[in-house]
Amino acid sequence: MDAMVVTGGCRLKGRVRASGAKNAALPIMAASILAEGPMRLKNVPDLMDIRTMARLLGQLGVRVEREESSGDLLLESRSERRSVAPYSIMRTMRAGICVLGPLVARRGFAEVSLPGGCAIGDRPVDLHLKGLRALGARLDIKHGYIVARCRRLRGTEMYLGGPFGSTVTGTANVLMAAVLAKGQTVIESAACEPEVQDLARLLVKMGADIQGIGSPRLVVEGVDGLGGAEHTIIPDRIEAGTLLMAGAATGGDVVVEGARWNDLFALVHVLRDAGAVVEHFDDTIRVRARGTLRSVDVTTLPFPGFPTDLQAQAMAMLTKADGISVITEKIYPDRFMHVAELGRMGARIRKEGNAAVVHGTRRLSGAPVMASDLRASAALVIAGLMAEGRTTISRIYHLDRGYERIERKLAALGATIRRVKEK
Ligand code: EPU
């Protein structure tokens, strides 16, 4: 297993490019099940989760290939005989659930393993099932699998909000089913995240009729079939946000290309409230910070609110801010695995229910720490860059699930960071 060794103390400076968005690419890859022709996807990041989705689709009769010359991902549904998404794959990547809607809509049958536990807390799929049932699918849970059957789905009105707001992959799943349903479907309380918008745009290119993209009310007129399409995946706002916070946290001057202002508005405001200067030109954002940041209160919310996927990184950034920051998690109330590890580096953080109170401290000191999940790992990297001495982060396979060669990008900004083999 690999570990990451970070030596803190340098101010990041320079320009980097964010890769394509993992969480846009994963459901979009699943949409290939719906297509009657080949799909070409550009700007798909080279990540463990993408390879896992390719493997899953392979089991479901979709041929997935990375074209060497262009780096594009080519997908084509070749056989509709196998519709089983096995536990062996689903337990490693929850986004595998995104094949359920397309399988039901296109093939009328699916057996998809329930994804299983997750370090960031409870992650039910009841809303996915609610939406698909509303469209007429018969769903049973048997031996840990969702077994789905239907004839042609039928359009209907549904409310997809849950106790923590809308659901991102739930909206993706139901939308991918509704596009082939007979008649009109109205999805109320749909997720508005840029990744869902990107999926909707791809579906429109394939021939779907979707109104209200980007709003909480999606109106879909079902069509009889969908063709292939070519699509460029949007840049990863979470990776871009992570790099911007790494810049601000180290008192640096960092320019991130592939950082869309409208996708990162909530973060921009947090950075500005913390005292950083943030500017943008087209899809490029520059952050500059000097000296100590100010404390800021941060509350995670569905888009356009502050993303839960940047909460851990924001907490790391604020460990050395002047004053007390309260970080409230409204999407995953238990997503605080990073608190104890940041504490091992000298951060003063007290967890209170779904919030964490961060007392800014003057120094962090490098320590051996352990990554618990993808975004917590990114937070530990940021903390390592802010700390005195050396931080060794083990179990970085979590980091590799969502960040494409992050050590190279940070090294290009002047960070002292390297990947080593763990003994
Ligand atoms: N929820 C329900 N019932 C459901 C589905 C969700 O109650 O059927 C709850 C969840 O427990 C949570 C809230 O609704 O409290 C939002 O969950 P959502 O369904 O939106 O999460 P997701 O679709 O499973 C995606 C991202 C996550 C990201 C969340 C929230 C992908 C592949 N994953 O998950 O990304 O944290 O949306 O924005 O898109 C990550 O990349 O590190 C990651 C975890």
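Could you order the peptides 245-251, 302-308, 143-149 from most to least packed, using the average number of other C-beta atoms within 10 Å per residue? Please report the intermediate quantities before stating the final value.
Details: 245-251: 26.7, 302-308: 20.0, 143-149: 16.3.
With the highest mean Cβ count within 10 Å placed first, the list reads 245-251, 302-308, 143-149.
Under 19 Å from the Cα of K13, which lysines turn up, not counting those fewer than eight places away in the same chain?
Filter leaves K409.
Separation of region 135-208 and region 336-399 by C-alpha centroid, Å?
The distance from the Cα centre of region 135-208 to that of region 336-399 comes to 37 Å.
In whole percent, how big is the carbon plus sulfur part of the accessible area of the chain, probe 1.4 Å, protein atoms only? Write out the running numbers ahead of the final one.
Values: 8040 of 16890 Å².
That share works out to 48 percent.
Please report the net charge: other residues with Cβ closer than 12 Å to the Cβ of P235, K and R +1, D and E -1. Can you show the working numbers first?
On the way: positive: R17, K22, K42, R237, R260; negative: E195, D198, D236, E239, E257, D263, D282, D283, E404.
With Lys, Arg at +1 and Asp, Glu at -1, the net is -4.
Could you work out the helix-only [θ] at 222 nm for the chain, with each DSSP H run of four or more residues adding -39,500 (n - 2.57) and the total divided by the number of residues, to the nearest 500 deg cm²/dmol? Before the final figure, lay out each step's value.
On the way: 14 runs with 126 residues, N = 423.
Mean residue ellipticity, 222 nm, calculated: -8500 deg cm²/dmol.
From the cross-link list K330/K351; K130/K330; K142/K351; K205/K330; K42/K142; K351/K421, which pairs have alpha carbons spaced over 26 Å apart? Mind dumping the intermediate values first?
Working: K330/K351 14 Å; K130/K330 22 Å; K142/K351 38 Å; K205/K330 34 Å; K42/K142 37 Å; K351/K421 33 Å.
Flagged as over cut-off: K142/K351; K205/K330; K42/K142; K351/K421.
Looking at the chain, send over the antiparallel percent of its DSSP beta bridges, to the nearest 5.
Numbers: 58 of 83 bridges.
Approximately 70 percent, going by the DSSP bridge assignments.
So, with +1 on the Cβ of K and R and -1 on the Cβ of D and E, and no other charges, what is the size of the charge dipole of the chain about its Cα centre, to the nearest 20 debye? Display every interim value, and only then the final one.
Numbers: 58 positive and 45 negative charges, 184 e Å.
Dipole magnitude for the chain comes out near 880 debye.
Using a 1.4 Å probe on the protein heavy atoms only, what accessible surface does D273 show? Give it in Å² to the nearest 10.
90 Å²
Taking N as the number of residues in the chain, what is its Cα Rg relative to 2.2 N^0.38 Å?
Values: Rg = 21.3 Å, N = 423, 2.2 N^0.38 = 21.9 Å.
Relative to the 2.2 N^0.38 Å estimate, the chain comes out at 0.97.
Over the Cα atoms, compute the radius of gyration (one decimal) and Dmax (the largest Cα-Cα distance, rounded to a whole number) for region 35-106, in Å.
For region 35-106, the Cα radius of gyration and maximum Cα-Cα distance read 12.1, 34 Å.
Accessible surface of L160 in the full protein assembly, 1.4 angstrom probe, to the nearest 10 Å²?
Answer for L160: close to 0 Å² accessible.
Express the relative contact order of region 1-136 as a whole percentage, based on alpha carbon pairs under 8 Å and six or more residues apart in sequence.
Result for region 1-136 is 21 percent.
Could you give me the ³J(HN,Hα) list for region 290-296, computed from phi with Karplus coefficients 6.51, -1.76, 1.60 and θ = phi - 60°, whole Hz, x at Gly and Pro?
Karplus-based 3J(HN,Hα) across region 290-296 equals 9, x, 7, 6, 8, 5, 9 Hz.
By Kyte-Doolittle mean hydropathy of at least 0.5 and Cα axial length of at least 18 Å, which whole DSSP H helices of the chain are selected?
Details: long enough: 374-386 (19 Å, 1.81).
Flagged H segments are 374-386.
For H280, what accessible area in Å² do you get when you roll a 1.4 Å probe over the heavy atoms of the protein chains, rounding to the nearest 10?
Only protein atoms counted, so the area is about 80 Å².
For region 266-314 and region 210-240, what is the separation of their Cα centres, given in Å?
The two parts, judged by their Cα centres, are 27 Å apart.
log₁₀ I(q)/I(0) of region 285-399 at q = 0.12, 0.16, 0.20 Å⁻¹, via Debye over equal Cα point scatterers, no solvent, to two decimals?
Log10 of I(q)/I(0), two decimals: -0.38, -0.68, -1.07.
Considering only DSSP beta bridges with both partners in region 228-335, what is the antiparallel share in %, to the nearest 5? Before the final figure, lay out the partial values.
Values: 10 of 15 bridges.
Expressed as a percentage, antiparallel bridges in region 228-335 total about 65.
The values are calculated or read from the model by the stated rules, or taken from the named source; none is laboratory data. For clarity, every value in this text was computed on a predicted model and none was experimentally measured. All Cβ positions, even for glycine, are placed from backbone atoms using ideal geometry, and neighbour counts span all protein chains on display. Heads up: the accessible areas ignore ligands, DNA and RNA and are worked out on the full protein's heavy atoms, side chains in. Shrake-Rupley method; radii C 1.70, N 1.55, O 1.52, S 1.80 Å.
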